[in-house]
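The values are calculated or read from the model by the stated rules, or taken from the named source; none is laboratory data. Predicted, not measured: the structure shown is a model, and the values here were computed from it. Methodologically, a virtual Cβ is constructed for each residue, glycine included, from the backbone with ideal geometry; neighbour enumeration extends over all protein chains shown.
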Amino acid sequence: MPAGSAFAAESSKTSSIPTGADNFYKSEGVTVQKVTFKNQYNMQVTGNLVTPKRQDRSGKTPAIIVGHPMGAVKEQSSMLYAQKLAEQGFVTLAIDLPFWGESEGKPRNLVAPELYTEAFSAAVDYLGTSDFIDRDRIGVLGICGSGGFSINAAKLDPRLKAVATVSMYDMGAVTRNGLNHSVTVEQRKAMLAKAAEQRYTEYTTGKGIFLNYLPPTPTAQTDPVTREFWEFYRTPRGIAIPEGMTLEQTQNRMLTSEVRFMNFYPFNDIETISPRPLLFITGDQAHSKEFSEDAYQRAAEPKELYYVKGAGHVDLYDRVDLIPWTKLTAFFQTNLK
């Protein structure tokens, strides 16, 4: 966990870490190696390659690419999943999406769904040319926003043989419509108009204007969804600050960039992924479960929608007592055999 600041100390007074939360889990049974590779835009993507310490590199082994939540970095949620799955014998690769974490891309925190999608195929390029990886047994696990990006990648890239998502967000749908279709067309148009006008200011000043999603400290007026994210990203439970950035810059994006998601439709043609299998995991109490349910309805067989009883959206980022490890392991063992 990054060095604590006064902010982190203050935040710990406001929120306690829930039972079972272990975002910064460190496994004694795996080896973690930082790796880099290029995408088709000639940008460097950085990831952590996680291998079981008992790994026999004389043969070919299956691998799983793990994508982090939208606005997060690989140290938030995805490295937990990468290590836990590596303990079950898989090689895993937790990547930072372009413009985030240690991957290249400027300006930082740019919303670029096409490049996010490409990062998963670039990871397949890297893994599939490694001498100890079986290129015919590569799967992907997308958490939160990366669930949508990984599905988008699988539609284009048949080398991804099995696709699992956890607490998936369709970043296109939520930007266009809000949660539970709470945003009207008029509100959407107003958002686009504001972003378009704001571009003039950003163009003349050369400085992006950020949205400030998460307050320094939640108040009685803070909505439950914002509070849920705050309790992960702004407390010692999940704080991870990339080098050269401040806490306030993490989980933050420009409105002029965010509106690109309005043209992002990851579930269109999702049925073409078949016959490759899809597994959608969501909490039965998750504010985001509508996205997993929508994807499941649209997808063709084989597919499964799995509800984790009592779990909210962020619970499945790091609560090892709720995350269905057996379900995930069996899914990849069966479909990457």
Would you mind telling me which numbered condition in (1) of a type in the set (D, E); (2) surrounded by 14 or more Cβ atoms within 10 Å (Cβ to Cβ); (3) modelled with pLDDT of 95 or more E248 fails?
(3)
Looking only at the range 155-211, how many residues end up being under 19 Å from the mean Cα position of the chain (by Cα), hydroxyl-bearing (S, T, Y) and in a helix (DSSP H, G or I)?
1
Could you pull out the residue among R234, R319, R253 that is buried (at least 19 other Cβ atoms within 10 Å of the Cβ), in contact (Cβ under 8 Å) with a residue 24 or more places away in the chain, among the basic types (K, R) and out of contact with any strand residue (DSSP E or B) (no Cβ under 9 Å at 6 or more places or on another chain)?
R234
Looking only at the range 118-153, which residues are more than 22 Å from N268 (Cβ to Cβ), touching an Asp or Glu at 6+ places or on another chain (Cβ under 9 Å) and among the hydrophobic types (A, V, I, L, M, F, W, C)?
F132
Single residue of E258, E271 found to be more than 23 Å from A112 (Cβ to Cβ) and either surrounded by fewer than 22 Cβ atoms within 10 Å (Cβ to Cβ) or within 19 Å of the chain's Cα centre (by Cα) (or both):
E271
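Here's the yes/no breakdown for (1) touching a helix residue (DSSP H, G or I) at 6+ places or on another chain (Cβ under 6 Å); (2) under 25 Å from G71 (Cβ atoms); (3) in contact (Cβ under 8 Å) with a residue 60 or more places away in the chain; (4) of a type outside the set (S, T, N, Q):
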{"site": "P275", "(1), (2), (3), (4)": "no, no, no, yes"}
{"site": "A299", "(1), (2), (3), (4)": "yes, no, no, yes"}
{"site": "E304", "(1), (2), (3), (4)": "no, no, no, yes"}
{"site": "L336", "(1), (2), (3), (4)": "no, no, yes, yes"}
Matching residues, the range 20-32, being exposed (fewer than 12 other Cβ atoms within 10 Å of the Cβ) and within 20 Å of the chain's Cα centre (by Cα)
K26
Output the number of the condition that F37 fails; it satisfies all remaining conditions of (1) touching a Phe, Trp or Tyr at 6+ places or on another chain (Cβ under 7 Å); (2) modelled with pLDDT under 50.
(2)
In the range 206-225, which residues are without any contact (Cβ under 8 Å) to a residue 40 or more places away in the chain and either more than 17 Å from Q76 (Cα to Cα) or in contact with a strand residue (DSSP E or B) (Cβ under 6 Å, 6 or more places away or on another chain) (or both)?
G206, K207, P215, T219, A220, Q221, T222, D223
Consider the range 305-336. How many of its residues are β-branched (V, I, T), out of contact with any Leu (no Cβ under 7 Å at 6 or more places or on another chain) and within 21 Å of E75 (Cβ to Cβ)?
2
Which members of the range 149-193 meet the condition of being on the phi > 0 side of the Ramachandran plot and in contact (Cβ under 8 Å) with a residue 12 or more places away in the chain?
S167, N180
Has the range 124-138 got at least one residue that is buried (at least 17 other Cβ atoms within 10 Å of the Cβ), within 26 Å of V320 (Cβ to Cβ) and among the β-branched types (V, I, T)?
yes
Kindly indicate whether D284 is on the phi > 0 side of the Ramachandran plot, of a type outside the set (S, T, Y), at pLDDT 95 or above and out of contact with any Leu (no Cβ under 6 Å at 6 or more places or on another chain).
no
If E293 satisfies every condition in (1) surrounded by fewer than 20 Cβ atoms within 10 Å (Cβ to Cβ); (2) out of contact with any helix residue (DSSP H, G or I) (no Cβ under 9 Å at 6 or more places or on another chain); (3) not in a helix (DSSP H, G or I); (4) not β-branched (V, I, T) but one, which is the exception?
(3)
In the range 228-267, which residue that is polar (S, T, N, Q) and in a helix (DSSP H, G or I) is farthest from R176 (Cα to Cα)?
Q249
Of the criteria (1) crowded, with 17+ Cβ neighbours inside 10 Å; (2) touching a residue at least 60 places away in the same chain (Cβ under 8 Å), which one G59 fails:
(1)
